[in-house]
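The values are calculated or read from the model by the stated rules, or taken from the named source; none is laboratory data. Just so we're clear, the structure is a prediction, and the values are computed from it rather than from any experiment. Positions of Cβ are generated from backbone atoms using ideal geometry, with glycine treated the same way; all protein chains shown enter the neighbour counts.
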Amino acid sequence: MKRYLLTVVVTIIFTGIATAQTEYMNGYVIKNDGSFIYGQVASISKGYSVDECLFRWFDISTEYTFKPGEIRAFGFAYGMRYKTVMSGKRAFFLSCLTDGEVDLLYDGKKMYLDGMGLLLAPLDNGSGSFNLNGKTVNYSGYRDLLEKLPDPGDDFTVPADLPLSPEKMAEVIAVYNRSRGSDVTVLAMKNPGGMYEEMRNLGLFVSNYGFLAGMNASRYDAEIQENMNSFFLPEMSFFEVIPMAGVFYNRPLGRKSDLLSLNIELMAFKTNVYMYSETVKYSTTTRSDINLSYTGIKIPVSLRLTFLEGSFKPFINAGVFAMASLGGKYTREGEVENSSHVVRPFTDNSLAVNRTVNGVLGGIGLKKEFTPKQSLSLEFRAEYGTGIYDKDGLKQNTLSFNVIAAIDFF
């Protein structure tokens, strides 16, 4: 059973990863002659340095791969821009925060100036030099470098308190470029959802749905509350572990955020619980083999609260569930042995299985987003519900623990 569960979970996970498709967003390519080509560019969720650009004109058109040097730059609508740079013999695309006569580039840790004789000059506390109109200009630290940039009209002043912050430095380099009469573009440090966000705001791509599989461990507790001297009630002192599978539907309750979302699932599983009981009363020994079986169709409905931005998103959820038990069957086959070792078999069908079980649930989990529409999540969940036996006079409940893997790749 556990091998079957592992097979189902691994199959779903790798099927989702294997079928994951490249997410495209509205963007553009800047050719080496400076002209723009608008279309769709493969999404870059994180990273400030990449080795290629994937471009297409529209959804079903041919995909083109551009290497550094084949184009000057590429970028995303309202998002990041990557420019071709050379470092030694290696060419690659590097994030550009300010585009002008002097560019401010960023690799996620360090900033660089490029243009006007500056070749990826690092903005740090180190010393260096650059070529200005055939003359070598030495500098010591990033502030000295900025003060020695060409400024014929004396229109640029380095701020007195200038930290090594990408956001602040982007504004300062933009001011310098404007003082030179250069066209300036200040760009984002991360990408929005692009085309996905535009369609999301129109009400599309809001809902997510996919497959789930996991493991359910349940225990059925009950005790007699009324005077039923001849009634036998089995005692379940363990959790029955079974595999389950199903589908889910998730819809954020806000148009621009998935912070709070509604999660609806449909799960199916089949259980067959075996219990053994042996009691000795006076000179009589009673032995019982109990089997409890049913096919469960469960519908959990919960609110999910997601934390943090980025590709890894922890979450908690709380809600209710309803379960229908199909083909429920309770059987008790046993024997009674007296002091003379005379054995008499018997069958007891005094118990029946409830057709429905209802309850509450709560869980914690972690979601990994590959693209805005493709994700994998793992959740641990506890459920507490009504009892499984259809019999008056019992105080009973159902306690379940679940480990669930869900894949969304639509």
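Do we find a residue being under 16 Å from residue 104 (Cβ atoms) and modelled with pLDDT of 90 or more anywhere in the range 186-194?
yes
Give the residue, chosen from 288, 261, that is under 26 Å from residue 314 (Cα atoms) and either among the aromatic types (Phe, Trp, Tyr) or surrounded by 13 or more Cβ atoms within 10 Å (Cβ to Cβ) (or both).
Of 288, 261, the one residue that is under 26 Å from residue 314 (Cα atoms) and either among the aromatic types (Phe, Trp, Tyr) or surrounded by 13 or more Cβ atoms within 10 Å (Cβ to Cβ) (or both) is 261.
Quick test for you: out of 321, 315, 346, pick the one residue that is assigned by TED's automatic domain parsing to the domain that holds residue 274, surrounded by fewer than 13 Cβ atoms within 10 Å (Cβ to Cβ) and of a type in the set (Phe, Trp, Tyr).
Exactly one residue qualifies, and that residue is 346.
Residues in the range 65-83 that are part of a strand (DSSP E or B) and either of a type in the set (Gly, Ala, Ser) or under 15 Å from residue 36 (Cα atoms) (or both): how many?
Final tally of qualifying residues: 9.
Tell me which residues, restricted to the range 23-45, are touching a residue at least 40 places away in the same chain (Cβ under 8 Å) and surrounded by fewer than 15 Cβ atoms within 10 Å (Cβ to Cβ).
31, 32, 45
Looking at (1) aromatic (Phe, Trp, Tyr); (2) within 25 Å of residue 72 (Cα to Cα); (3) modelled with pLDDT of 90 or more, which is the only condition residue 130 fails?
Here residue 130 meets the rest and fails (3).
Within the range 51-70, track down each residue that is surrounded by 13 or more Cβ atoms within 10 Å (Cβ to Cβ) and out of contact with any Phe, Trp or Tyr (no Cβ under 6 Å at 6 or more places or on another chain).
Selection gives 52, 54, 56, 57, 66, 67, 69, 70.
Can you tell me how many residues in the range 354-366 are β-branched (Val, Ile, Thr) and crowded, with 18+ Cβ neighbours inside 10 Å?
1
Every residue, every condition in (1) among the hydroxyl-bearing types (Ser, Thr, Tyr); (2) under 30 Å from residue 46 (Cα atoms); (3) under 17 Å from the mean Cα position of the chain (by Cα), yes or no:
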residue: 306; (1), (2), (3): yes, yes, yes
residue: 318; (1), (2), (3): no, no, no
residue: 329; (1), (2), (3): no, no, no
residue: 369; (1), (2), (3): no, yes, yes
residue: 387; (1), (2), (3): no, no, no
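Do you know which residues across the range 252-291 are basic (Lys, Arg) and either closer than 30 Å to residue 368 by Cα or touching a helix residue (DSSP H, G or I) at 6+ places or on another chain (Cβ under 6 Å) (or both)?
255, 256, 270
Within the range 84-134, which residues are in contact (Cβ under 8 Å) with a residue 60 or more places away in the chain, over 34 Å from the mean Cα position of the chain (by Cα) and not in a strand (DSSP E or B)?
Hits for the range 84-134 are 100, 101, 102.
Select, from 78, 48, the only residue that is among the hydroxyl-bearing types (Ser, Thr, Tyr), crowded, with 20+ Cβ neighbours inside 10 Å, touching a residue at least 40 places away in the same chain (Cβ under 8 Å) and more than 30 Å from residue 152 (Cα to Cα).
48
Of the residues that sit in the range 378-410 and are among the acidic types (Asp, Glu) and assigned to a strand (DSSP E or B), which one is farthest from residue 232 (Cα to Cα)?
408
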